[in-house]
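Notes follow the structure.
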Amino acid sequence: MDKATRWLVDTQETDGSWGGNWPQTANVLMGLDAAGVRRDHPSVVAALSALDRYVVERDGQRRIEMWTSVVMDTALALSASAAAGGPGAGAADGPAVRWLLDNQVTELGDWAVLTKDPVPGGWPYEFTNNANPDADDTAFAVVALRRVRPPGSDPAVDEACRRAHRWLLSQQCEDGGWAAFEPLRWRLPGRSRLAEIGFLEAPSADVTGHVLEALAADGHAETPAARRGVEWLRRQQRPDGSWPGWWACYHLHGTSAAVTGMAACGVPPGDPALRRACEWLLAHQRPDGGWGESVRALHDPEWIGRGDSTPSQTAWALLALVAAGRADSAPVRTGLDFLVRTQQADGDWAEPWHTWVVHHDGLYWRDSLLRLIYPVLAMAAHRAAVEGGAA
C-alpha cells in the first residue's frame, strides 16, 4: 500500500491531475483517501483543484467534462485551416505551432518502462499526460506541423518532428501496426477482455493509418517502418474491403485512415487493397449522398457501415476516396453536395450523433470541433486534387 501510494504521488501530472482527465484523477483521489492520505496533503489539494477545471458552465448549467481533447483538436484544426487557406490561415499558424511545440512531451514516462532505448517526443491527447503520450495524437501533431512548416523551413519544428519520429518508431508493434499506447501492453494475459473495457488497446487500422500519414508528411514514406505498417494494413483488411477502427465509428473511420495512410506512403490508386476499400465505401453511401455508421456497429454486425449520414463520417469517406484517386467521380461530388447542403448559415454543421469511441463496452463521445474540421479537410483535399495541388 505504501509503495503504491508513493508511486501515485510521484506520477502526478504538473497540473495536479493524473492522465490529464477527470475519471483517472477522481479514482486516484479515492485511492489515496482509502490509503489514509490526509486531505490537506499537497497532492490531494492539487488534484481537487485540477478536478475543478473540468467543470464547465454553459447555457446556465454546470457539468463535468471527463477530458478535454485539446491536442487533437488543435492539431487537426491547424491542418484544416492550413489546407483551406484564405487570409486568416497564416495568422493562426504561428500561435498554434508554438502551442504544439510547447506541449510536446520531452520527458520519460510510464511508456518508457517497456520501451528499449526510450527517447521522448510524443504528444498526449489532453492538456497534460506526460506519463502516457499516444501515437495517434503524435501523428496528428506531426502532420499539422509539416503542413505549415515543411522540412528545413523551421529548426524548432524540424527538431520536434525528429523527436516525434524516433518516439513513433519505438512504439511500433512487433507485427508492424501501431496502437495508441505502449505496444508491449498487448502481451498481457486476458488482453481481449481488458481491451473491451478500455484498459488495453490492440494495434488498429485508424492509428496505423494516421502514423503512416505522419511518416509520409515528415519524409519517411519509404522507410522500413512505413513499409511494415502498410503490410500490416494489407493483412488486416477485411474480405469486404473495409478496416475496423478503434477510436471512432467504426469501419468508416478505420477504412478512411487506412486508405489515406497507405496512399500517403505511395500505394497507387489502382492497388487492389485501395480498390476494394473504395468499393466498400461506395456500397455504403446513403441516398442523401452522405455516409454514416451507428455506434451499434461495434456490437451488431448488421450496423457496420449503416446509420444516419453525419458531416464528419461523410468527410472520412470523402478523404479516402479522394486519396485513392476518385476525386473526379459522381459519388464524391454527391458527397460534397451533402456537406454543402447541410452546412448551416453560420458555417457550422449539426452533428448530434456520437461518432467516437472511448471504451468498446459502451462509452462514446462527441467532439464539438470535429464536425467542422473533417468537412473542411475533405473539401480542401478535393479542391487540391482537382486543381493538381497539395491539400
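If each of S49 and R296 carries a label point 7 Å out from its Cα toward its Cβ, how far apart are those two points in nm? My value for the distance between the label points is 4.8 nm.
For segment 1-50, the dipole from Cβ point charges (+1 on Lys and Arg, -1 on Asp and Glu) about the Cα centre works out to 120 debye, to the nearest 20. Please build a GNM for the chain, connecting alpha carbons under 10 Å apart, and tell me which residue among R162, R38, R63 fluctuates the most. Maximum fluctuation in the GNM of the chain, among the listed residues, is at R63. Of the listed residues M72, M66, M30, the order by accessible area with a 1.4 Å probe, largest first, is M30, M66, M72. Length available on full extension from T5 to S153: 0.36 nm per residue minus the Cα-Cα distance, which gives 48.6 nm. Using the Cα gyration tensor of segment 280-361, with a ≥ b ≥ c the square roots of its eigenvalues, what is the shape: rounded (a/c below 1.5), prolate (a/b larger than b/c) or oblate (neither)? Because a/c hits 1.5 or more and a/b fails to exceed b/c, segment 280-361 counts as oblate. By the Cα gyration tensor, segment 1-98 has an equivalent ellipsoid whose semi-axes, rounded to whole angstrom, run 36, 16, 10 from largest to smallest.
For the chain, carbon and sulfur atoms together expose 54% of the accessible surface, with a 1.4 angstrom probe and every protein chain in place.
By the helix-only formula, in which each DSSP H run with n ≥ 4 contributes -39500 (n - 2.57) and the sum is divided by residues, the chain has a 222 nm mean residue ellipticity of -15500 deg cm²/dmol. In the calculated pair-distance distribution of segment 88-149, the portion above 18 angstrom amounts to 37 percent of the Cα-Cα pairs. Gyration tensor analysis over the Cα atoms of the chain returns equivalent ellipsoid semi-axes of 34, 23, 22 Å (largest first, whole Å). Rg/Rh for segment 137-242 stands at 1.02; both radii use Cα atoms, and Rh follows the Kirkwood definition.
For segment 200-311, the share of alpha carbon pairs falling in successive 5 Å distance bins from zero is 2, 13, 22, 24, 18, 12, 6, 2, 0 percent. Under a model in which nothing but the beta-carbon of Lys, Arg (+1) and Asp, Glu (-1) is charged, the chain shows a dipole of about 580 debye around its Cα centre. Taken about its Cα centre, segment 259-319 carries a charge dipole of roughly 100 debye when the Cβ of each Lys and Arg holds +1 and the Cβ of each Asp and Glu holds -1. Distance between the 7 Å Cα→Cβ label points at R191 and R39: 4.3 nm.
Approximating the spin labels as points 7 Å out from Cα along Cα→Cβ, the A350-to-W99 distance works out to 2.9 nm.
The values are calculated or read from the model by the stated rules, or taken from the named source; none is laboratory data. As the structure is a computational prediction, the values presented were derived from the model and not from experiment. Please note: Cβ atoms are built from the backbone with ideal geometry, for glycine as well, and neighbour counts cover all protein chains shown. All accessible areas refer to the heavy atoms of the entire protein, side chains included, with ligands and DNA or RNA removed. Shrake-Rupley method; radii C 1.70, N 1.55, O 1.52, S 1.80 Å.
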